[in-house]
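The values are calculated or read from the model by the stated rules, or taken from the named source; none is laboratory data. Not measured: the values here are computed from a predicted model. Using ideal geometry, Cβ is built from the backbone for each residue, glycine included, and neighbour counts are taken over all protein chains shown. Surface accessibility is based on the protein's heavy atoms, side chains included, excluding ligands, DNA and RNA. Shrake-Rupley method; radii C 1.70, N 1.55, O 1.52, S 1.80 Å.
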Amino acid sequence: MPRTAYVNGRYVPHRQAAVHIEDRGYQFADGVYEVVPVFGGTLVDEELHLDRLERSLRELRIAMPMSRQALKMISAEVMRRNGLTNGLVYMQVTRGVAPRDHKFPKTPVKPAVVMTVRQTKPVSQEILDNGIKVVSRPDIRWQRRDIKSTSLLPNCLAKQEAHEAGAYEAWLVEPDGTVTEGTSTNAWIVTKDNKLVTRSATNSILNGITRISLLKVAAAEGIEFEERPFTLEEALEAREAFTTASSIYLLPVTEIDGKPIGNGHPGILSQKLRQAYIERVAKPGAFQAEAAA
Ligand SMILES: Cc1ncc(COP(=O)(O)O)c(C=O)c1O
């Protein structure tokens with residue numbers, strides 16, 4: 001089936017999908033995005049993703065391009081046209097097209113909207129059995145990491161370095177030694193006294209939707225957790241570590257900077273949480289029911 005994209009009001013063949021050269025997203029990374037997982041034809045935590053999209057836009061003073069209902073209709077249509085039942089929906093909104101000038105356009109322009117979908121392969125058994133390797137890198141990003149901005153160059157550089165080092169992800173570290181998050185994932189550890197720890201949702205990190213949902217899952221499972229910064233040193237000494245994102249749910253981390261975490265195998269709590277999270281994702285209607293509650 002040929003791929004179809006949505007670009008500024010039109011459904012177009014993916015190969016021909018294009019934006020204007022003076023789109024501020026292209027020139028200044030003046031835009032935001034969301035990646036929403038699709039499981040069995042349902043957008044996982046759609047309302048939470050749209051909440052975050054609206055918040056990111058508000059923080060950058062970009063107008064919501066259309067109603068939430070309209071965004072939902074477009075994502076459903078892009079999924080339909082691409083025959084997508086499992087994978088990801090990518091949505092991006094930029095400030096729009098205007099002559100190149102750092103200042104916002106004097107008369108507001110129409111925000112530009114792009115939506116695409118992608119089929120994803122299930123995580124390999126090899127990764128589930130052995131976990132992933134992570135390397136640490138200095139966090140050189142700006143101070144508003146809570147905004148899901150398309151400005152991802154530091155993330156790309158660190159991810160490439162991880163790849164070149166044979167690792168799956170880079171965890172980013174502040175000058176004070178604390179881990180903020182991964183380049184495209186949130187970072188978690190399980191301490192020696194079995195406490196689940198992830199950084200609190202401040203401007204230092206992107207508040208992952210998987211992070212939010214996993215905290216709910218942990219609470220429902222009676223698992224104690226703390227939202228606080230943890231150091232790289234603490235992570236190296238942790239019983240378990242894992243990393244979360246919409247595209248991967250939860251992947252156990254079994255090595256950081258070449259050193260094994262815990263016994264070097266995916267941790268028991270990590271595996272239990274991954275399973276519990278997937279069960280929640282797979283429960284038909286779970287998201288709509290929660291959103292309505
Ligand atoms: C920097 C960063 N942190 C965390 C995440 C995880 O967020 P989510 O769970 O919403 O996918 C992402 C996802 O792209 C990210 O880019």
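Taking N as the number of residues in region 10-96, what value does Rg over Cα atoms divided by 2.2 N^0.38 Å take?
Its radius of gyration relative to the 2.2 N^0.38 Å reference: 1.12.
How many percent of the accessible area of region 178-221 is carbon or sulfur, using a 1.4 Å probe?
50 percent
Run the reach check for Lys103 against lysines, Cα to Cα strictly under 24 Å, same-chain hits fewer than 8 apart removed. What comes back?
Of all the lysines, those that pass the test against Lys103 - Cα under 24 Å, at least 8 places apart if same chain - are Lys148.
Run the dipole for region 98-238 about the Cα centre, Lys and Arg Cβ at +1, Asp and Glu Cβ at -1, nothing else charged, and hand back the magnitude in debye, nearest 20.
1080 debye
When averaged across all projection directions, what area in nm² does the alpha-carbon convex hull of region 148-293 cover?
So the Cα hull casts an average projection of 9.3 nm².
Test of understanding: express the Cα radius of gyration of the chain as a ratio to 2.2 N^0.38 Å, with N the residue count.
For the chain, the normalised Cα radius of gyration comes out at 1.02.
Just want the answer: with Cβ charges of +1 for Lys and Arg and -1 for Asp and Glu, which residue in Thr94, Thr120, Leu269 is farthest toward the dipole's positive end in the chain?
Positive-end residue among those listed: Thr94.
If I ignore ligands, DNA and RNA and count only protein heavy atoms, how much of Ser151 is accessible to a 1.4 Å probe, in Å² to the nearest 10?
60 Å²
To the nearest 10 Å², what's His163's accessible area with a 1.4 Å probe?
Counting only protein heavy atoms, the figure is 130 Å².
Calculate the spin-label point distance for Glu59 paired with Ile268, positioning each point 7 Å from the Cα along the beta-carbon direction, and give it in nanometres.
Output for this residue pair reads 3.8 nm.
Roughly speaking, to the nearest percent, how much of region 225-288's 1.4 Å accessible area is carbon and sulfur?
52 percent
Rolling a 1.4 Å sphere over the protein heavy atoms, what is the accessible area per residue of region 125-282, to the nearest Å²?
Spelled out: the 1.4 Å probe surface of region 125-282, per residue, equals 44 Å².
Accessible area per residue of region 4-119 at 1.4 Å probe, in Å²?
52 Å²
Please report how far the C-alpha centroid of region 1-59 lies from that of region 261-284, rounded to the nearest whole angstrom.
29 Å
Pull out the extension gain between Gln27 and Ala70, defined as 0.36 nm times the separation in residues minus the alpha carbon to alpha carbon distance; nm, one decimal.
12.8 nm
Using a 1.4 angstrom probe on heavy atoms only, work out the carbon and sulfur share of the accessible area of region 4-119 in %.
Solvent-exposed carbon and sulfur of region 4-119 make up 53 percent of the total.
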